[in-house]
Structure formats: structure tokens, C-alpha cells
1. Please work out which residue is farthest from B:S539 (Cα to Cα), limiting yourself to segment B:112-131 and to residues that are surrounded by 22 or more Cβ atoms within 10 Å (Cβ to Cβ) and among the β-branched types (V, I, T).
2. Inspect all residues belonging to segment B:58-79 and state whether any of them is among the β-branched types (V, I, T) and at pLDDT 95 or above.
3. Determine, yes or no, whether A:E151 is within 11 Å of chain B (Cβ to nearest Cβ) and charged (D, E, K, R).
4. Across segment B:492-521, what is the total count of residues that are closer than 26 Å to A:F100 by Cα, assigned to a helix (DSSP H, G or I) and of a type outside the set (S, T, N, Q)?
5. Which pairs turn up if I take residues in segment B:198-226 that are in contact (Cβ under 8 Å) with a residue 12 or more places away in the chain and look for partners that are outside any helix (DSSP H, G or I) and among the acidic types (D, E) with beta carbon separation below 6 Å, at least 6 apart in sequence or on another chain?
6. Just to be sure before I move on: is A:N117 assigned by TED's automatic domain parsing to the domain that holds A:S338, in contact with a His (Cβ under 6 Å, 6 or more places away or on another chain) and over 28 Å from A:V268 (Cα atoms) in the structure I sent?
7. Given the residues A:Q328, A:Q355, which is the only one that is away from chain B (no Cβ under 14 Å), under 22 Å from A:M273 (Cα atoms), assigned to a helix (DSSP H, G or I) and out of contact with any Lys or Arg (no Cβ under 9 Å at 6 or more places or on another chain)?
8. So in segment B:370-423, with the set limited to residues that are touching a Pro at 6+ places or on another chain (Cβ under 7 Å) and more than 14 Å from chain A (Cβ to nearest Cβ), which one is nearest to B:P521 (Cα to Cα)?
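The values are calculated or read from the model by the stated rules, or taken from the named source; none is laboratory data. Quick caveat: nothing in here was measured; it's all calculated off a predicted structure. Here the Cβ positions follow ideal geometry from the backbone for every residue, glycine too, while neighbour counts run over all protein chains shown.
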Amino acid sequence: MKKVLATTLTVMMALNLAACSGGSSAPETTAAPAATTAAETKAAETAAADKEAETPAAESGDGLVQGTGTTLTVYTNSGSDGRGEWLVERAAKDGFDIQFIEAGGAEIQNRLLAEKNAPIADVVYGLNSIMWESLKAEDILIPYTPVWADEIPEGLNDPEGYYHAIVKQAILLVYDENQTAPEDAPKDWLDLWTNEAFDGKYEYLTSLSGGTVRNVLAGILTRYADPNGELGVSAEGWEQIAQYYQHGVPAEEGMDVYAQISDPAKPVICGQMWSSGIETRDEQYGTKTNYVVPEVGVPYAVEAISIVNGTKNEEEAQRFVDWFGSAQIQGEWAQEFSTLPANKNAVDKANEFNQKIATLPAQDIDWGLVAENIDAWCETIELNYMQ
Amino acid sequence: MKTKKISMTPQTIYNILILVFLFWFVMACLVLPNINTVWSVFFQEGAFTTEPLRKLLGSERAMRSLKNSFMLAPSLSLTVGFVGISLVLITEYFDIKGAKILRLGYMTTLIYGGIILVSGYKFIYGSNGFLTNLFARLIPSFPTDWFQGYWAVLFVMTFACTSNHMIFLRNAMRAVDFQTVEAAQNMGAGPVKILMKVVLPVLTPSLLAVTILTFITGLSATSAPLLVGGKDFQTITPMILSFSKNVGSRDLAALLALFLGAATIILLVIMMQIEKRGHYMSVSKVKTTIVKQKIHNPVLNILAHAYAYILFLIYVVPVVLIVLFSFTDSASIARRQLDLSTLTLNNYAAVFSKATAYKPFLVSIVYSTLASLAVAILVLVACRIIQKRRDKISTALEYSLLIPWLLPTTLIAMGLITTYNTPRFWMFNKVLTGTSFIMFLGYMIIKIPFTLRMTKAAFFALDDSLEDAAKNLGAKPLYTFFRVLLPVVLPTVLAIFALNFNGLLGDYDMSVFMYHPLRQPLGVYIKSLTDSQTNADNSALTFVYAVLMMIISGIVLYLVYGRGDNSKLGDNK
């Protein structure tokens, strides 16, 4: 009895291994039937919903695109601070039914990659250029040119039309004017390690999965682009990175950089920060933030919006993209959450602080190079450069 | 399977069905989803590669971190073992005044952990901590950054990792038959001899099991090294976590995790051999519960009390500080300044003012309950087979169920999604991504090894004669299992349930990849609040949620474990 069972198990095990190796090579074909049925039912629903919605027309009183009520699943890393709730309510007013998945940028990216064969998301917004480029390369996105595409300043949208900018965020090196006078502050990131005065006085992050830290690294490394260098960066560039980690102080897990720079007892006087986080921190920590504007400019993280390849609600997703990126909604978004809209016609809705941020010179960064190499850069840094 | 007959009785069919189910579960949930991850370490673009290994060996930082982890694990096993045993002796064996209060204090590690716990310790010993400030005032030259590096990590983790001792070792201690102690006393054995020769041997299976857990905890130390390790004592797990989130570096994460996994497995094999050799259990049929032993030497008695209460303070003060600091703001937390006059309810008001705030709690409670329940049942069945069969099948089953210990949670989550985002034979051609089921499955999977390890220890401590007696009286195997054996292991099973529940309640690593859009779990919700772009008060919110979770965990422990304790006493009498 036991023997028989054991043999059966062995045979099944062998079969299974074969099935497994076969399975991974041909998932598409097997995936088809179930996906189609699901798609069909959804399509039928959408069609029905479309019919109802067509009569009130795509434009309403205030010129906004109207949704049909088909449920859209939206992935974002920018749904906190009540943004998600606000968006669900605001979108409902214009006929959209939105549900959310909200997580860090890296997690959203990983999740989209893992779900490639059976996407759950219809629309993604937020993230940054680096992530958008990588998603595009992985065939996760489909192109769509929203009605507001030409209201965005040049260079922010994807030229091939896969993603379009909605919000701009400057990535800054910040310090507290109460602790450090502007003339004593660094003038550029490179000052941090080339000028002895800042030795041990700036913070670096030990986790490299965040969007901000990756923009900082891209801002430094792309200055030393060299097709023949290691991972597209010259030896000098890597030397700079080595110095950056040698002379800095690692960030403390769970402690905000403002806890460091606002405290006179702590040696750290500056660190990285994204522009929209500054105002609330000034209130919280009683700091008077000033930021460094290097001659080469500051990196901008551009949050964008795109439609997910494999969505079963493509038309509704397009309507949502048209709606969300419009000057009207982006203006409201900016007033509500003090963001800096990418849409030219909405910039005047941004608050004074963001108006000022908008005037900072943008650093010229080769995002293609960054997207291609950033993962490898981070790996090398973690293995060989971080202390 | 001593009484097995080769005929298709319902019992045999039932046994086969269970085996088939377990085989399916192991293949579909443990082997298949993870095989590709492991494969990708050694085979890239179709060819065998040593590239990941070369990269790691070439990295001074990786090697140093790995060395640190392997240094921490054995030393932690020793220190935690020592403290853990003393906690159990203080609360259950010796007659120490105020043992009940002491026990509550020692059990605080059951309701909190990770970053929050270490932050609590930093309030006391860190650079601006209370003790540090006190020392600095007494000795002007006192280095304020003294609490850093290997010793600091070892100190924090020694006290943070005694949870398993407080539950499993304590359960074992309560199962010690007092008659054996009395008999030894009558034969003139001294207290030390009784402790070493009579009491400790009965604790051995549990002690082995919790020591393995401590070793694994030491290998995978994360929060303590991050917060108090300083530049000189960083461990490997933070690196694994960060690589596992970077798509291009997953091979490195898997390889490093396999390193740790291999070490764990080697240790487990050794422990399993020890377990097989010895058959430690108390043999009495009519057990008497232990009577607390007075320490007759007055000096020793005072010393024991002092030791007990110092431990109590070490355990309790961090919790108290976390609760107090949850009523302050991020700036005060950062500066570790506690001003009683500035305590405010604002944080809690902010949390509860949102109409939707309760929902993630509900989602996580439901998921954690279901997953902990399912894993308890699955492992009970598996343990029964492992204990009864003792053949190749049961060995294969046991090792297969330990697979989740080999890989970090993020990679297990990724494996599950990428495997079941298309219909597969092994999942009855059902696509799992996007369903509410997949997260339940994920939760279950990551809790299997721990549950197995501890449940097995309980099974091995079972008295075989109980089962024989039931059989002789004509009880069917199922009846024997449910009415005779289960009640005896139930306190342990319930305790594991509570621990799993508490562990899953705030889970982020698994949830973030699997949660259904309409069912956001607590861990993801907290992370989104505290990571938020414009909210600067995130550390205060982290504390508030930590306190709220402590409350839930405390309630669960009381309901499940506290009462399980009593019923156990009732059953045994």
C-alpha cells in the first residue's frame, strides 16, 4: 500500500516538473479562455453602460469629460493624505466609479509586473519618469494621447504617447535656515563631499527603493555619462558616488530627515526632500526650509498617468485620463493638496510656494539612460559603495 | 500505522484523501510558485550562471553583513535561551512575589515588535535616552552613542525575542508532573539537581524548538541592526529585503535568502535527529500541577527577586514610553523629549476622525483570523501524519512545509502572483490574481513553517500511552484525535494561533502585492498614512497605530491564550 502510494507520488512529481517547465514557456495560450470570458462579460457591461451614457454626451456643463459608471481600478503611489478619498468622491460627481490600490512606487511597479498576464489595474498614475520608462519597456502600458496632452510643457510627456505628465515635483537638497545660513550651505550636491565643511553633515538613505533617492542618484550619475564606463557611467562618476557614501551619515530608520536638520544637537544639517513635503514639515518641526539650487538645475520627478495594457475598460480608462489630467481637475487637485500641476493652464492654481518651485531650472537628465540602468546602479551601490 | 489493514475501510480512503490534498497543497502553493525564483538564481537567459554569486562574493558589505548575521544567531540563541528560561522559572517554578504582574510584563513582547520595539529601547538607552542622559550627568565623559553596534543589537534582541519562550516553554513547564519533583525531593535531591535532572529534561523538546526559532530570528534580524547596529553592525536581511524589491536584483535576494535558508535547514536536520533519538516526555498518567518552589537561602531569594524585577523594568519601560509618546508629535519623538504637559489626544482624534478608518482593521482581523485558523488546521493534520507515519512521505512532507523559510516574503508573494496570473492545472485552471483568495493563501503560506515547528513540538511531547489507552478502549482514530489528543495540544495550538494572528495583523510585505482594491489591509493602510508625501507627523502616527495594534493583539491573546490556559488546567484535572 505504502509502496504503491510512494510510486504514484513519484510519478506525479515527475509529471509535475515537466508540466512546470512547459507551463512557464506557454502561459499565453492557456490564459486565453478564462480571460476571454471575463473580458466578454465586462465588455457586455461596458457596452450597456456606454449606451446609457452616450446620450448625456461626453461633455458636461463645466466642460469636463463625463464617466459612464464602469468601475475602474486605479493604481497609484499618490493616494495618501486623503487624495484617494478625494479623488473617488470628485470623480463620482462626474460619473466615474473608481477603486484604488495604493502603495509605494516600487511596490506598484512590482505588482504591475507580476500581474502582467492578468492585469487588475485599468489606469496608473503617480510614479516617476524612471518607473514609467521601465513599465513601458516591459510592455505594461498602452499609448493614448489625452485631450490635454498639448497643455503640458515640452519634454514632460512621453514622445511616444505612453504616459503624460500631471504633477511636477522638485527633488531638492534642503537645510534649515534656523541652523544654517544660506551662505554656509552647500551650492551643489557635489559640495557635500568635495567640501570638507560638510563632512558627516548630510544624510543619505540606506534604502534605495524610493523614487526620491533614485532621482537624486540619477541627478548625480548622469552628469558622468560615459558609454564605455561601468553601467554607462565613467570611473569618475563612480568615485563621486563612493565619496557621497563615505562622507555622509546613514538615515535612521523611521526618522524623518527633518528630525535631524531641525535639531541643533545633531550634526546633520541637510538632506534630500521632495518639494511638496516641505511646507507641512516646516509647520511640524518649526523649521525655515531653504534649498540648494545647483547650476545644473534640480531633478524634477514627473508624476504621470497611463492606461494599463490588457485593461478591459479601455474607453472608460481613456475618459478618466482625459478627465483627471484636465486643467480643471489638476487645478482643484493643486489647491486641495498643494501640488505643482504639469498642466500649463492649471499652474496658476498652485500656491505661492509651488509657484516658486515652478521657476527652478530643471536639470537636463537622460531619462533613457537612467531607466535602462537605475536598477543595476542601485544594486552596485548597495553591494560596493554604501558603507 | 501499527494497526493498518490492507482493505478500503472509510478510514483508509479518508487517509488517502488527506495525503492527496497535502500533496496538492505542497506542490501548488509551496513548490511551484517558488521554483522559478530559485531557478533564476542559477540559470539566467537559459544558461547556468555564477554571476549572482560572484557579485555577492565581490561585495565587502554583503560579506560583512552575512558574517554579522551568522555571529548574531548563535550568540542570540544563548542569551535568549538564558533569559527565556529564567523568565519561565521566575513565573512558573520559583515562588517569586508578584509573579502574576511580572508575567504580564514579560509577555509584552507578544503584542509589539519590530521597529516600534527597538524605538522604545532607544528612548531609554539611545543617544538622548533617559539612561544615557543620567549616565552623562554622573560621568561627564560618558559617550552618548554608547548604545550602538553588536552589543546593543544583542541586548535589544535578547529581550525582544523571548515571546516564544514565554508561551511554549511556559506551557511545557506547566505540563511538568509535580509528582516527579516530589519523588526526587523524597530521595534527597537538592533543588539544583531537581531543576537540572528532573525539570529541564521535560522542557527539552520545547526548548529545542524555541531555540531553532531564536536562531532563525537572529539570522533574519532586521529592525534592531537597522536602528542600533550603527555602521559597524549591519546584518544581511535588510539587504535581502531591499534587493527583493528591486526587479533586477531578485536573484541576489533569492541567493542570499538561500544561504540563510540552508543554514536553517542544516540546523533543523540536526535538531530533528536529536528529537528522534530522545523521547522526552513525562510519563505519568495522572499529572499533578506544579507547586511553586520556595528559595530557602535568603540571600539567593533576594537576588532572585531583584533579578526578576530588573527584568520586569527592562521589559515594561519601553512599552510605557511608546504609549506615552503616541500622545506627542513627531518632533518630540525625534528629540526623545517627553513633556507630560504637552500630551495631546490629537493623534488619536486624527486617526478616528476618518469615517473609513475602521475598515482596514476589520479587513485585517478577518483575514488574519481565517489564515491563522486554516494554517492551524492544515498543520495539525500534517503533524499527525508526521508523528504517526515516520517514513519517507512524512519526511518529505515535513521538509516541503518548511519551504517558506527559504525565501523572503516579498519573493514568495511575487512567485504566487506570477504563477497564478494565468490558469494552471494545479490551481484548477483558476486565475488567482485579483481575487480576495490570493492574499489569504499568501498569509497562510508564510505562517506554515513556524506553526509546523511549534505544533510538532507539542505533538512530540504527547504521551503515547494516552493514545494507546484510547485505542484499547475502542476509540476510533478520529475520535481519539479530537477527544483525546487535541485537547492536550490545544493550548499550544491556540497560542500559535494568537501569535500568527498578531503577526499577520499588520503585515505589509505580503499584503501590498496581493490585496484586493476593495479590501485594504491594516499594514498597507498604515504604511500609506505614515509614508504620505505631505504629512510630516508620520512617526507619531506610527506610534498611534502601534498602540492600537497592541490593544487588539492583547485582546486576542487574552481571549485565545489566556482562556486556553485555564481550560487546559481544567481538562487535565
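1. Residue satisfying both the conditions and the ranking: B:V118.
2. We begin by selecting, within segment B:58-79, every residue among the β-branched types (V, I, T); these are B:79.
Now drop any that are not at pLDDT 95 or above, which leaves B:79.
Yes, segment B:58-79 contains at least one residue that is among the β-branched types (V, I, T) and at pLDDT 95 or above.
3. Working: within 11 Å of chain B (Cβ to nearest Cβ): no; charged (D, E, K, R): yes.
No; evaluated as a whole, the condition is false for this residue.
4. Adding up the residues that qualify gives 7.
5. From segment B:198-226, the pairs are B:L226/A:E253.
6. Details: assigned by TED's automatic domain parsing to the domain that holds A:S338: yes; in contact with a His (Cβ under 6 Å, 6 or more places away or on another chain): no; over 28 Å from A:V268 (Cα atoms): yes.
Considered against the rule, which asks whether it is assigned by TED's automatic domain parsing to the domain that holds A:S338, in contact with a His (Cβ under 6 Å, 6 or more places away or on another chain) and over 28 Å from A:V268 (Cα atoms), A:N117 comes out as no.
7. One residue alone meets the criteria, A:Q355.
8. Among them, the one singled out is B:P404.
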